[in-house]
Amino acid sequence: MGKDVIIACDFPTAEETMRFLDGFQKEKPFVKIGMELYYAEGPAIVKAIKARGHKIFLDLKLHDIPNTVKRSMAVLSRLDVDICNLHAAGASEMMKAALEGLTRADGTRPLLIAVTQLTSTSDEQLKNELLIETDMAQTVISYAKNAAACGLDGVVCSPLETQVVHENCGKGFLCITPGIRFADAAKDDQTRVMTPAKAKEIGSDYIVVGRPITAAADPYAAYRRCVEEFTD
Ligand code: C5P
C-alpha cells in the first residue's frame, strides 16, 4: 500500500455514508471512518463498507491501559480494517500491546499509526495544561520516534511536519496527512493547509481529505482531482 487518497467519511449516519459512496461506482476509494460514524452505527458500518470493496482506515484513536488497548485492537483486527490508530501519549508499553493485539494468528495485521499531538492543541495548552515544556515540534518528533521504536508503521501529522518526521524516523515511516485543500478553495476550520500536489512533493504517504470531496458539488470529480494531483 502507499500513496493514496483517503476520504474522511465524516457523516452522522450509515444512510448518508452509503448515499455518498453510491457516487463512486467506478472505483473504490480508501475511506476513513471516524468516531462519529462508528459510535452511531457500530461495527456493522465497517463490515458494510468493507463488503463494498473499500479499504478502511478506522480512526478511533485508542488511549487506555495496555491490556485494554491490546484486547480492543484484537477486536478491531477481526473487522479486517486496513489501518488503525492510537495516541502515542499512551506510551511505549501501550503501543507494543496494541501491536500484539492487532496481529492475527497468521501473522498479518492492519497498519498501526500513532497520533502525536492533536493539531487542535495549542502551544499554550501544551505548556500550561499538559505541563510539557518541550516545544510542539520537538514533542511531535519525540512521539513519532517512540512510535517507530515500538514498531508502529507511521503517524498522522500535519503536512508541514512530514519532512521532519521522515528525517527522524526514516522514509519508510508513513506520514498520513489531513489538512488538505485545493489551491482555489476555502480552508473551513483548518488553519495550516496544503494542496494535494504540494503534499505529494513533500513526501506525504497518504492524504486524508474530507470536505473538499464530501461537500463538493461533484464529489467524484473532486476525488479524481485529488488522485491526479497526489499520485503518479
Ligand atoms: O474536512 P477535512 O478535510 O478538514 O477533514 C479532515 C479529516 O482529518 C477529519 O476527519 C479530521 O477529523 C481529521 N483530522 C484532522 N487533523 C488532525 C487529525 C485528523 O483534520 N490533526
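The values are calculated or read from the model by the stated rules, or taken from the named source; none is laboratory data. Note that the structure is predicted; figures quoted are calculated from it, not measured. Positions of Cβ are generated from backbone atoms using ideal geometry, with glycine treated the same way; all protein chains shown enter the neighbour counts. With ligands, DNA and RNA removed, areas are computed over all heavy atoms of the protein, side chains included. Shrake-Rupley method; radii C 1.70, N 1.55, O 1.52, S 1.80 Å.
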With r defined as the distance between the Cβ atoms of ASN128 and GLN25 and R0 fixed at 45 Å, what FRET efficiency is calculated, to the nearest 0.05?
0.35
Counting pairs of alpha carbon atoms under 8 Å apart in space and at least six apart in sequence, what relative contact order in percent does the range 7-77 give?
31 percent
Just want to confirm a number: the relative contact order over the chain, from Cα pairs under 8 angstrom separated by 6+ residues, in percent.
19 percent
Using the scaling law 2.2 N^0.38 Å as the reference, what is the normalised Cα Rg of the chain?
0.99
Using a 1.4 Å probe over the heavy atoms of the protein chains, calculate the carbon and sulfur portion of the accessible area of the range 4-231 as a whole percent.
50 percent
Taking each pair of different alpha-carbon atoms in the range 117-177 once, compute 1/r for the pair, average those values, and report the inverse of that mean as the Kirkwood hydrodynamic radius in Å to one decimal.
11.9 Å
Using the heavy atoms of the protein chains and a 1.4 angstrom probe, tell me the accessible area per residue for the chain in square angstrom.
48 Å²
Taking 0.36 nm per residue of separation and subtracting the Cα-Cα distance, what length does fully extending ALA183 through ALA221 add?
12.1 nm
Where in the range 129-160 is the amide nitrogen less than 13 Å from a point lying 7 Å along the Cα-to-Cβ axis of THR103?
150-152
